[in-house]
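The values are calculated or read from the model by the stated rules, or taken from the named source; none is laboratory data. Quantities reported herein were computed from a predicted structural model and do not represent experimental measurements. Backbone-built Cβ (ideal geometry, glycine too); neighbour counts: all protein chains shown. Just the protein is used for accessible areas: all its heavy atoms, side chains included, with ligands, DNA and RNA removed. Shrake-Rupley method; radii C 1.70, N 1.55, O 1.52, S 1.80 Å.
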Amino acid sequence: MENKQPGYTRREILKLSAAAGLGVAVGASGLGTVGMIVDTFSAKPTSSNKQEKTVIPFYGKHQAGIVTPQQTYLYLASFDITTNDRRELIHLLKTWTKLSERFTQGRNLDATQNDWLPPKDTGEALGLGASRLTITFGFGSSLFNKDGKDRFGLSHRKPLHLKPIPTMPRDAIDPSLSDGDIIVQVCADDQLVAFHAVRNLIKAAVGTATIKWLNAGFLNGKRGETPRNLFGFKDGTANLSINDVKKQNQVIWCGQGEPDWMKGGTYLAYRNIRMFLEIWDLSSLKEQEDTFGRRKLSGAPYGKGHEHDPVDVTKLPKDSHVALAKSTGQEIFRRGYNYSDGIDPKTGNIKAGLQFISFQKNPQASFVPMLALLSKNDALNEYTKHIGSGLYAIPRGIKKGEYIGQALFS
Amino acid sequence: MLNLKKLCCLLAIMALLIVTGCNGKNDVNDHAESKTTKHTDQISEIKSNTEQMLSTVKELKAAVGDQNVDQVKQLGKTLNDQWLAFENDVRDAFPLLYTKVEKYEQPIFAQASVDAPDLSVVKTQIAGLTDALNELKSAKLTKQNTTKLLDQAVKDYKDYVKTQADKLIEATTAFTDAVKAGNIDLAKQKYVDARVYYERIEPIAESFGDLDPKIDARINDVDDPSQWSGFHRLEKALWVDHSLKGMNPVADQLFEDVKALNEKIANLELKPQQIVAGSMELLNEAAISKITGEEEHYSHIDLVDLAANVEGSEAVYHAIIPALEDKNKSLAQKLDEQFLLMKQTLQKYKKNDQYVNYTTLNKDEIRELSNQLATLSKLMSQTAEIF
């Protein structure tokens, strides 16, 4: 497999042409035939305007899925590498890169030309297009060093701020829902498109990496409006504008001091926050608004009339969520998703909450102190419990022809 | 699949491409020459390694004659080391003979690895191994065609199935006799033995429709529990009820059903596609009901079944090696490594030549087995490239 070009091998093309009765054409106008066949068998989107808008480029200076306007659905997948062979790890990253390139363009994997083999593509997203699919990859600190072992010769290239998030007061972290060697964030406007992508990445990883945990998320908000969390409050009002490049460089993108593969990259901080919906729903509106420090309907901070009015911390309850977050003077870029995960059979309560995701260039200086302060004093803690946690280095974006994280390995 | 007409068309195009593609004719020749030299070296190496093995086999034979268990164990291991040192070259050059040597060498090594080896098994294998090694010593390079390789694969696998079915009858007889004698402890032991032979060839039994449900149904599989028969009915009696009361008819029926299976297997017709599909079914079974501890719900000997499923699948792999070598060498190599890894992992759970109870495994240990099975299945599913 390693040496195969993406797409069709010569033998596959030959088989195809024979099967399609086009064989004779190969000698004279081989290329034309090849083109025809590829078009017939791979679900390449036609270039209508509608479809082009749903394609978010996989390649670029930064990885997609960070300052991309937030899609409706999320799958967050954490993998542990099962091999100690650096070449196999690189091979997997190459394979994932190829698959991601294809899926983000709304294309499926080629049909298999031997009916006795399992189909390459799992098939459930055929014809659904790209749906603004993004696939974002990141590396956990255990990839660089696991239990004192440097499995892939990477420990000297560990980025500056990739240290585990310290244990916080009130933490109820489940290790089986935390960390992992590699994180993959898959987002799309169609849940099946997102699922298809993550499923095929998991399938391709068998033998090299094993899925540690997989969480789904959902979210909605009218275009240009801040989406709401499951407590009914607008979440992410203070986020920087996705058009403000200068601000992004200050808050999100890594630069000086970081290894080359992280310049233009960032860090993903993750918390799986269970929210006690049944308790929250029976608390008064006043209690709810005091907890956040904002009005529920408008999202306006206390003492102001509109969502985006500047926050006056003196007007907010001291232990409110917004007052505490503001008091750190730090900024992060949030991109979380709601989730629901069946019920707790003991209580009958819904297991739901927030897949908290934030991006920042220096999590130890911004995210960690903010989390520490909130974990200690936040009024919201009465209604929430942190059950999963992770910090990951998100390498810079790649050019076509590179594989994800290539600069880390070369 | 391509039909014959299309295949001819394809061959014609390929020939065309080969002709038009040979611009660097000299390069091609140089390459071919160096390849031939390499082959000649490799083959003389194979021959000298084979000689070495033959002399170890001779010593082994003497040790068996002397009933010298320690020496048999030691020589069995030496023999395996010698084989491992050059088996890849043999698989590469003489795939058919490779499977033949493996067929006799593996059981010898298996006996050498247990605390109390069965010398009679070693003795019968020595004869076969000597023949195979002599053949290997004088083998010449020839190119086999795919159809012939596949026919041979089917034949080899059928031999395997027949051997297992015969052993199944033997082991089932011992089991049902113990049940009928009311000897619970002995019956428990014999149950484990019989399960191995059934689980190795289960997909074959499944292909005969009603026999598998009669022999291997679990209580959830039957509509009417009073009609429940077969191994698992007796398993429940032994491990849960601790009583064999009323089990005589069940034991008789099981014996009859296993006998019927054996008779059907004698006239079995198989296609190469079926045997590869069967090997996948075995791994699927292992990954669905054994790894979860559902299959042997009362006795918890799921690891016995799981290992037997893997062995049954490996038998298919061995049978198709020659064809696979021809189509995708690196896949054969990867499968070889993965089967070895799987067996090494399973070996960790053997105490006194017996697999430990499934319930003693922790979550991480089960997950490790599950991951390795998944990798094995993924590789095995690609063997259909030979068709």
Checklist entry - For region A:112-132, what are the residues that are touching a Lys or Arg at 6+ places or on another chain (Cβ under 9 Å), more than 14 Å from chain B (Cβ to nearest Cβ) and open to solvent by 40 Å² or more (accessible area, probe 1.4 Å)? => result A:E124
Checklist entry - From the list A:T167, A:T226, A:T136, which residue is out of contact with any strand residue (DSSP E or B) (no Cβ under 8 Å at 6 or more places or on another chain), more than 14 Å from every other protein chain (Cβ to nearest Cβ) and among the hydroxyl-bearing types (S, T, Y)? => result A:T167
Checklist outcome for this item: Exactly one of A:K263, A:K318 is under 30 Å from A:V184 (Cβ atoms), open to solvent by 60 Å² or more (accessible area, probe 1.4 Å) and either touching a Pro at 6+ places or on another chain (Cβ under 9 Å) or not β-branched (V, I, T) (or both), and that one is A:K263
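For a quick check of your reading: which helices (runs of 4 or more DSSP H) sit entirely within region B:291-387 and have at least 2 residues that are out of contact with any helix residue (DSSP H, G or I) (no Cβ under 7 Å at 6 or more places or on another chain) and open to solvent by 20 Å² or more (accessible area, probe 1.4 Å)? Steps first, answer last, please.
Details: elements: B:302-327, B:329-347, B:363-381.
Correct list: B:329-347, B:363-381.
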Checklist entry - Going through region A:384-406 one residue at a time, which ones are hydrophobic (A, V, I, L, M, F, W, C) and either in a strand (DSSP E or B) or outside the structural domain of A:I90 (by TED's automatic domain parsing) (or both)? => result A:I387, A:L391, A:A393, A:I394
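Residues of region B:369-387 being more than 10 Å from B:N328 (Cβ to Cβ) and at the interface with chain A (Cβ under 7 Å from one of its Cβ atoms), which ones? Full working, then the answer.
Start the filter on region B:369-387 by keeping residues that are more than 10 Å from B:N328 (Cβ to Cβ), which leaves B:369-381, B:384, B:387.
Correct list: B:N371, B:A374, B:T375, B:K378, B:S381, B:A384, B:F387.
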Item to check | In region A:334-368, the residues that are in contact with a helix residue (DSSP H, G or I) (Cβ under 6 Å, 6 or more places away or on another chain), surrounded by fewer than 22 Cβ atoms within 10 Å (Cβ to Cβ) and not in a loop (DSSP other than H, G, I, E, B) | outcome: A:I350, A:A352
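Just give me the residues in region B:211-240 being assigned to a helix (DSSP H, G or I), surrounded by 15 or more Cβ atoms within 10 Å (Cβ to Cβ) and without any contact (Cβ under 8 Å) to a residue 60 or more places away in the chain, in sequence order. Give the steps one after another, and end with the answer.
Taking region B:211-240 as the starting set, the residues that turn out to be assigned to a helix (DSSP H, G or I) are B:211-216, B:219-221, B:225-227, B:231-240.
Filter again for surrounded by 15 or more Cβ atoms within 10 Å (Cβ to Cβ), leaving B:211-216, B:231-239.
Once the filter is applied, which keeps residues that are assigned to a helix (DSSP H, G or I), surrounded by 15 or more Cβ atoms within 10 Å (Cβ to Cβ) and without any contact (Cβ under 8 Å) to a residue 60 or more places away in the chain, region B:211-240 yields B:L211, B:D212, B:P213, B:K214, B:I215, B:D216, B:F231, B:R233, B:L234, B:A237.
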Next on the checklist: With more than 30 Å from the chain's Cα centre (by Cα) and in the same structural domain as A:L380 (by TED's automatic domain parsing) as the only criterion, which of A:K286, A:K296 stands out?
Outcome noted: A:K286
Checklist entry - Looking at A:E88, is it within 14 Å of chain B (Cβ to nearest Cβ) and touching a residue at least 40 places away in the same chain (Cβ under 8 Å)? => result yes
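Which one of A:K163, A:K222, A:K203 is in a loop (DSSP other than H, G, I, E, B) and farther than 30 Å from A:P310 by Cα?
Numbers: A:K222 fails: farther than 30 Å from A:P310 by Cα; A:K203 fails: in a loop (DSSP other than H, G, I, E, B).
From the options A:K163, A:K222, A:K203, the qualifying one is A:K163.
Given the options A:I165, A:I182, A:I211, A:I202, name the one that is within 20 Å of the chain's Cα centre (by Cα), over 27 Å from A:M275 (Cα atoms) and of a type in the set (V, I, T). Steps first, answer last, please.
On the way: A:I165 fails: over 27 Å from A:M275 (Cα atoms); A:I182 fails: over 27 Å from A:M275 (Cα atoms); A:I211 fails: over 27 Å from A:M275 (Cα atoms).
None of the other options fit; the residue is A:I202.
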